[in-house]
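Everything below concerns the one structure shown next.
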Amino acid sequence: MISPRALSLQAFFTLLLIALMMASNHIAARVAFNSGLDVATAVATRSLVTACVVAFLLVVAHVSWRFNRQQGRGLLLVGLMIGVQSQFLYAAVARLPVALALLAFNTYPLWTALWDKLIYKRTPQRSVLLAMPLILLGLAIALDVLGAASGLGAQAQWAQIGEGVGFALAAACSFGLALVGTQHETAGMDGRLRTFFSLLLAGSVALVVIGLRGGPHWPQTLLGWQGLGLLTLLYGTAFTIMFTVLPKLGVAANSAIMNVEPVFALALGWAVLDQQVAWVQVGGALMVVSVVVGLGLRKQSA
């Protein structure tokens with residue numbers, strides 16, 4: 001057993017800062033969506049601007065742009081899946097309280113294990129199998145699937161949340177496939193190069209969607225434009241930190257701490273968007289986050 005390197009205070013707060021920025025990015029996105037921005041325009045702006053930043057970092061660091069045929073196929077798969085995931089996750093954020101959308105998305109470790117089994121015939125780790133029912137139970141409580149906390153009943157509750165939950169789970173499914181592709185098909189590539197092509201393809205997917213829908217739909221208010229600017233800035237900054245600062249801090253084995261993002265989203269959604277959830281739902285959310293963080297740390301130390 002190899003234990004993860006002990007976190008310094010600087011590293012711990014850097015991980016929390018990334019989680020906070022990612023949560024804030026989704027809060028800003030919801031503000032922009034409420035003002036007329038559509039999902040595809042948001043994803044295209046966010047992805048392509050961040051891709052330009054990462055490309056600059058690649059040039060400055062003199063990173064080689066070469067990759068073999070297998071890595072090229074892997075990049076195509078990962079990039080397309082990240083593009084699909086981005087569309088679906090923002091679609092969920094536009095329809096659900098932000099924290100609940102992120103919680104449903106946090107089922108991606110289960111989807112990763114499923115894809116690994118289906119495509120590469122790898123048996124899921126015992127820790128993943130044990131975590132599955134806990135994650136699903138916590139998610140069911142957080143989403144109030146029976147409508148008990150809301151008092152609406154199951155049918156009315158699912159009429160409200162069903163579409164958003166579907167998008168969030170589809171995002172988790174796509175992201176799980178992207179993670180499996182990253183592990184098996186792009187091994188040996190510089191993470192910054194892989195990130196650049198993933199962002200470029202995600203932005204390209206969004207541009208295709210924009211074209212099919214007759215053009216971009218921009219925010220109609222100043223607040224909406226501020227939301228678009230913030231989501232792009234926060235997303236780009238978080239990604240830049242992840243691929244420049246974190247490797248130097250040596251905290252890859254503890255990166256699961258960033259999965260506290262839904263907790264930050266819960267607090268920010270209440271403070272900024274007045275999104276209310278019952279206390280029992282908060283308990284379910286904390287169960288999901290705790291299990292996912294624990295699973296991530298355990299997998300890294302195995």
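Does LEU134 fit the bill of being closer than 26 Å to ALA285 by Cβ and either touching a residue at least 12 places away in the same chain (Cβ under 8 Å) or surrounded by 17 or more Cβ atoms within 10 Å (Cβ to Cβ) (or both)?
Working: closer than 26 Å to ALA285 by Cβ: yes; either touching a residue at least 12 places away in the same chain (Cβ under 8 Å) or surrounded by 17 or more Cβ atoms within 10 Å (Cβ to Cβ) (or both): yes.
The answer is yes for LEU134.
Residues in region 54-74 include none that are surrounded by 14 or more Cβ atoms within 10 Å (Cβ to Cβ) and either under 16 Å from the mean Cα position of the chain (by Cα) or closer than 17 Å to VAL208 by Cβ (or both). The conditions of being within 24 Å of ILE27 (Cβ to Cβ), surrounded by fewer than 15 Cβ atoms within 10 Å (Cβ to Cβ) and out of contact with any Phe, Trp or Tyr (no Cβ under 6 Å at 6 or more places or on another chain) are met by GLN220.
For region 201-217, name all the residues that are on the phi > 0 side of the Ramachandran plot and either at pLDDT 95 or above or surrounded by 22 or more Cβ atoms within 10 Å (Cβ to Cβ) (or both). GLY215 - this is the single residue of region 201-217 that is on the phi > 0 side of the Ramachandran plot and either at pLDDT 95 or above or surrounded by 22 or more Cβ atoms within 10 Å (Cβ to Cβ) (or both).
Filtering region 181-200 for residues that are modelled with pLDDT of 90 or more and β-branched (Val, Ile, Thr) leaves an empty set.
Look at region 152-178: where a residue is within 15 Å of GLN87 (Cα to Cα) and a partner is of a type in the set (D, E, K, R), sitting 6+ places away or on another chain with Cβ atoms under 6 Å, you get GLU163/ARG95; GLY164/ARG95. Just need a number here: residues in region 11-31 that are over 18 Å from the mean Cα position of the chain (by Cα) and within 19 Å of PHE239 (Cβ to Cβ). The qualifying residues number 2. Only a single criterion out of (1) among the β-branched types (Val, Ile, Thr); (2) in contact (Cβ under 8 Å) with a residue 40 or more places away in the chain; (3) loosely packed, with under 14 Cβ neighbours inside 10 Å is not satisfied by THR45, namely (3).
The values are calculated or read from the model by the stated rules, or taken from the named source; none is laboratory data. Everything numeric in this text was worked out from a predicted model, so none of it was measured. Don't worry about glycine lacking a Cβ; one is built from the backbone with ideal geometry, like all the others, and counts go over all protein chains shown.
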